[in-house]
1. Based on other C-beta atoms within 10 Å, arrange 70, 109 from fewest to most.
2. Only counting other Cβ atoms within 10 Å, I'd like 147, 142, 102 sorted with the fewest neighbours first.
3. Tell me, 117, 108 in order of fewest to most beta-carbon neighbours within 10 Å?
């Protein structure tokens with residue numbers, strides 16, 4: 001004679017345990033916020049492209065000075081801004097798909113010295129070139145000072 005019969009209770013289709021429901025909610029919200037942040041980054045990059053093309057220095061400065069402000073100087077490393085500028089250029093390339101390169105580092109002999117960054121972008125099939133002059137002080141964060149051809 002077989003042992004006792006075990007019966008599994010089926011709670012019907014679509015039944016989730018409370019723990020599973022929490023995980024599903026967290027996963028759904030995470031995807032939503034990720035997509036929202038990607039959309040915002042794309043819009044920021046489109047705005048940046050438009051401002052570069054239009055020679056709108058005030059807007060380019062306000063957008064990119066935030067990025068530069070995240071790159072803090074290390075007073076014990078004299079080449080810290082060189083490495084920070086490399087990071088900045090990589091971010092321009094990876095986040096906004098801009099063709100950016102450093103023309104020269106601290107080559108404009110002002111106080112503080114300035115670095116030139118060349119950005120190439122496409123505008124309706126035409127290649128546009130912009131040069132950003134970046135103030136590279138040894139004791140504070142970098143900022144955009146000017147833009148030219």
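Just so you know, all these numbers are worked out from the coordinates, no wet-lab data involved. Please read these numbers as outputs of a predicted model, since none were measured by experiment. In this analysis, Cβ positions are derived from the backbone assuming ideal geometry, glycine residues included, and neighbour counts consider all displayed protein chains.
1. 109, 70
2. By the 10 Å Cβ count, ascending: 102, 147, 142.
3. On the way: 117 22, 108 16.
Ranked by crowding around the Cβ, least crowded first: 108, 117.
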